[in-house]
Amino acid sequence: MPGTSRHDREMAVNAKKQLSVCTDPIDRLRLQCLARGSSGIKGLSRTFKIMDDDNNRTLDFKEFMKGLNDFGVLVDKEEAIAMFQRFDRDNSGFIDFDEFLLALRPPMSNARKEVIMQAFRKLDKTGDGVITIEDLQGVYNVKYHPKYQNGEWTEEQIFLKFLDSFDSPYDKDGKVTQEEFINYYCGVSASIDSDVYFILMMKNAWKL
């Protein structure tokens, strides 16, 4: 995505600064993810997905703790319990995986959400809620990418890198779900302060 690496660095530095003063467990977890760059939340999501063996989209406390540890997030047990209890609203001993990720995503304005969904709908030609790599070809515009502009990367290198940022390292299925798409851009969005700049960047990249 255009300019993402610079924004990523700035965001990581800011997240680390905020971590030193932040006390809310969910905010702290979000900041730890953002300190890893725009793909941090997506990475945690994938870690949890791997742990959800029966695909029921819920996690018990043991799975929740293991997921955090596997991802390398530093959370003490009291913090983890506080987070878990906040999401286990019916005291069932399980939390809804999607609800948890939704709360973890950095807040976004409606204007940003709409432009992300416009891009997804444009790519999802079949309307089945999944984008294939073939769908991306001919739609993703690399000309605004700084590494293309300075000649460091070829179009193909940027394209492969871009697809890699969506696809799971553990399950490279060449498909991008709506959830993966939104998770990716939530991270990018968190690194860009201006709505106007974010929307312009999206429109340029996806020819919206």
Notebook entry, point to check: Out of region 185-208, which residues are buried (at least 18 other Cβ atoms within 10 Å of the Cβ), modelled with pLDDT under 80 and of a type outside the set (A, V, I, L, M, F, W, C)?
Noted result: Gly187, Ser191
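Inside region 89-112, can you point out the residues that are in a helix (DSSP H, G or I), open to solvent by 30 Å² or more (accessible area, probe 1.4 Å) and in contact (Cβ under 8 Å) with a residue 60 or more places away in the chain?
Start the filter on region 89-112 by keeping residues that are in a helix (DSSP H, G or I), which leaves 97-104, 110-112.
Among the residues that remain, those that are also open to solvent by 30 Å² or more (accessible area, probe 1.4 Å) are: 98-99, 102-103, 110-111.
Across region 89-112, the qualifying residues are Asp98, Ala103, Ala111.
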Check: Mind checking whether some residue in region 171-179 is farther than 19 Å from Leu44 by Cβ, modelled with pLDDT of 75 or more and not hydroxyl-bearing (Ser, Thr, Tyr)?
Finding: yes
Check: Assuming Gln85 fulfils every condition listed in (1) modelled with pLDDT under 85; (2) open to solvent by 50 Å² or more (accessible area, probe 1.4 Å); (3) part of a helix (DSSP H, G or I) apart from one, which condition is it?
Finding: (1)
Checklist line | All positions within region 31-60 that are modelled with pLDDT of 85 or more, open to solvent by 20 Å² or more (accessible area, probe 1.4 Å) and touching a Gly at 6+ places or on another chain (Cβ under 9 Å) | finding: Gln32, Asp60
Next item on the list: State all residues of region 71-82 that are of a type in the set (A, V, I, L, M, F, W, C), open to solvent by 10 Å² or more (accessible area, probe 1.4 Å) and either outside any loop (DSSP other than H, G, I, E, B) or farther than 22 Å from Gly37 by Cα (or both); if no residue qualifies, say none.
Entry: Phe71, Ile81, Ala82
Checklist line | Positions within region 8-19 being within 15 Å of Val73 (Cα to Cα) and surrounded by fewer than 20 Cβ atoms within 10 Å (Cβ to Cβ), in sequence order | finding: Ala12, Lys16, Leu19
Checklist line | Enumeration of residues in region 118-138 that are open to solvent by 20 Å² or more (accessible area, probe 1.4 Å) and closer than 29 Å to Leu68 by Cα | finding: Gly129, Val130
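The values are calculated or read from the model by the stated rules, or taken from the named source; none is laboratory data. Treat the numbers as computed from the prediction; the structure is a model and nothing was measured. Virtual Cβ from ideal backbone geometry, glycine too; neighbours counted across all protein chains shown. Accessible surface is based on the protein model in full, side chains and every heavy atom, while ligands, DNA and RNA are left aside. Shrake-Rupley method; radii C 1.70, N 1.55, O 1.52, S 1.80 Å.
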